[in-house]
1. Taking A55, is it in contact (Cβ under 8 Å) with a residue 40 or more places away in the chain, at negative phi and within 12 Å of the chain's Cα centre (by Cα)?
2. Taking the criterion of being in contact with a strand residue (DSSP E or B) (Cβ under 9 Å, 6 or more places away or on another chain), surrounded by fewer than 16 Cβ atoms within 10 Å (Cβ to Cβ) and of a type in the set (S, T, N, Q), would at least one residue in the stretch 48-67 satisfy it?
3. Give the residue that is farthest from V54 (Cα to Cα), with candidates limited to residues of the stretch 1-38 that are open to solvent by 50 Å² or more (accessible area, probe 1.4 Å) and among the small types (G, A, S).
4. Pick from the stretch 89-107 the residues that are open to solvent by less than 40 Å² (accessible area, probe 1.4 Å) and in a loop (DSSP other than H, G, I, E, B): which of them is nearest to G6 (Cα to Cα)?
Amino acid sequence: MKAYLGLGSNPGDSRATLRAAVAALPDVVAVSPVYETEPVGGPAGQSPFLNLVVAMETTKTPREILEMCQRLEAAASRVRLAHWGPRTLDVDVLLVGELAVNEPDLVVPHPLLRERAFVVEPLREAAHAAPPTTLPSR
């Protein structure tokens, strides 16, 4: 089934962080262009975010996908200091096939999916993209 992940990064070399995260994901079938957006919520003075959406063809359960996302965040040294604060890597499970999940730590489809332009547009593009090549260096 098709699963979609939203990836974002704002401190440090965000493009390199996103490139490494995408390369570490299995079964990628499409990657949206990178979008630069201002942070939504959180502390003032944050750098802009780079965001993209990845489509995967997978047999993993939503829980297995979440665990994979958390491992990617840990590998990127993600630290949770402030709600919606700067993040070296944020990986959200957006959609997993037609499945619906409503658990304390996992909601699919992502509850803010339709409210975030930095997710909606890349998701649309990933859903209609050709197979990925590589994340552009600029």
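1. Answer is yes for this residue.
2. Yes, that holds for at least one residue.
3. G12
4. Going through the qualifying residues, I end up with L89.
Conditions tested, residue by residue: (1) of a type in the set (A, V, I, L, M, F, W, C); (2) modelled with pLDDT of 95 or more; (3) part of a strand (DSSP E or B).
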position: A3; (1), (2), (3): yes, yes, yes
position: L18; (1), (2), (3): yes, yes, no
position: V22; (1), (2), (3): yes, yes, no
position: P39; (1), (2), (3): no, no, no
position: S47; (1), (2), (3): no, no, no
position: T59; (1), (2), (3): no, yes, no
position: M68; (1), (2), (3): yes, yes, no
position: S77; (1), (2), (3): no, no, no
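The values are calculated or read from the model by the stated rules, or taken from the named source; none is laboratory data. Everything numeric here is computed off the predicted structure, so don't read it as measured data. In this analysis, Cβ positions are derived from the backbone assuming ideal geometry, glycine residues included, and neighbour counts consider all displayed protein chains. Only protein heavy atoms, including side chains, enter the accessible area calculation; ligands, DNA and RNA are left aside. Shrake-Rupley method; radii C 1.70, N 1.55, O 1.52, S 1.80 Å.
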